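First comes the structure, then the notes that go with it.
Quick note: the coordinates plus some simple rules give every number you see, no bench work behind them. Source: prediction; values computed, not measured. Note that each Cβ is placed from the backbone with ideal geometry, even for glycine, and that neighbours are counted across all protein chains shown.
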Amino acid sequence: MGNVYRLVEKSLFFNLITFIFKPEVYEGSFFYNWLSTLSGFISRTLKGSLLRTFFTNRRWEKEAIRSSCFMTILAKLYIPINRFVIFINNSIENSYPFKVVLMAVESFITTPLSTLAYIFLPAVFLNTTLKAIFESFTPKALVYRIMLMMALFIMTSINIPLRWILFSSRFCKLCEWFSGEKVESIS
């Protein structure tokens, strides 16, 4: 490790970087004098301006932030903006589509198989009826569709909660075997 340190210490790149950042090298340079003149000009310009209140607080603690013009403007705008956000949230929560989606999510969690059957059974029945009227069916396709509709009709009476389905699945058992810990059911 000491050899690597000595190799880095004696390298040209390291010596060049340490040479450039020595104060006696850059203090007398044209670039340094130009930057110091520019920074002095900017500080004199900002001394009496409004931008000074944003940038010249030395310690950005709670009092400095509270006393800045930006925060006083935000404090005055907070109440109407907060009222507007509350109004929008209440409008969305009391809307009909939100309530329908909330009921669908709740019914999917409590009885997922029955909910899926109630969603797909009318669509499959309508599709089968329209295809039978306007197109021709092969007997095999008609038998498959009737079997699917019967399976969906039977699924409407299955009222098993989602957590029972998940915790009795092979994937959950595989996760329990792999992690060595029993997955707790969420009530």
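Can you tell me the length gained on complete extension of the stretch Glu135 to Leu74, counting 0.36 nm per residue apart and subtracting the Cα distance?
On the way: separation 61, 0.36 × 61 = 21.96 nm, distance 6.52 nm.
Going from the current span to full extension adds 15.4 nm.
So, R0 is 30 Å and r is the distance between the beta-carbons of Lys22 and Leu46; what FRET efficiency does that work out to, to 0.05?
0.45
Using a Förster distance of 35 Å, how high is the FRET efficiency between Asn127 and Asn90, based on the Cβ-Cβ distance and rounded to 0.05?
Numbers: r = 39 Å, r/R0 = 1.13.
Once rounded, the FRET efficiency stands at 0.35.
Suppose R0 equals 35 Å; then what is the FRET efficiency for Asn82 and Tyr118 from their Cβ-Cβ distance, rounded to the nearest 0.05? Present the calculation step by step, with values, prior to reporting the outcome.
Working: r = 40 Å, r/R0 = 1.16.
Efficiency, from the Cβ-Cβ distance: 0.30.
Tell me which of Phe137, Leu77, Asn90 sits at the most positive position along the dipole axis of the range 73-176, charges placed on C-beta atoms (Lys, Arg +1; Asp, Glu -1).
Positive-end residue among those listed: Leu77.
Please list, in order, the residues from the range 121-146 whose amide nitrogen is less than 17 Å from a point placed 7 Å along the Cα→Cβ vector of Ile158.
Zone members listed by number: 121-122.
From zero up to wherever the largest Cα-Cα distance of the range 77-187 sits, split into 10 Å bins and tell me the percent of pairs in each.
12, 23, 22, 22, 15, 5, 1
Can you list the HN-Hα couplings for the range 116-132, worked out from phi with the Karplus curve (6.51, -1.76, 1.60; θ = phi - 60°), rounded to whole Hz and with x for Gly and Pro?
Ordered by residue, 3J(HN,Hα) equals 4, 5, 5, 6, 8, 4, x, 5, 5, 5, 5, 5, 5, 5, 5, 5, 5 Hz.
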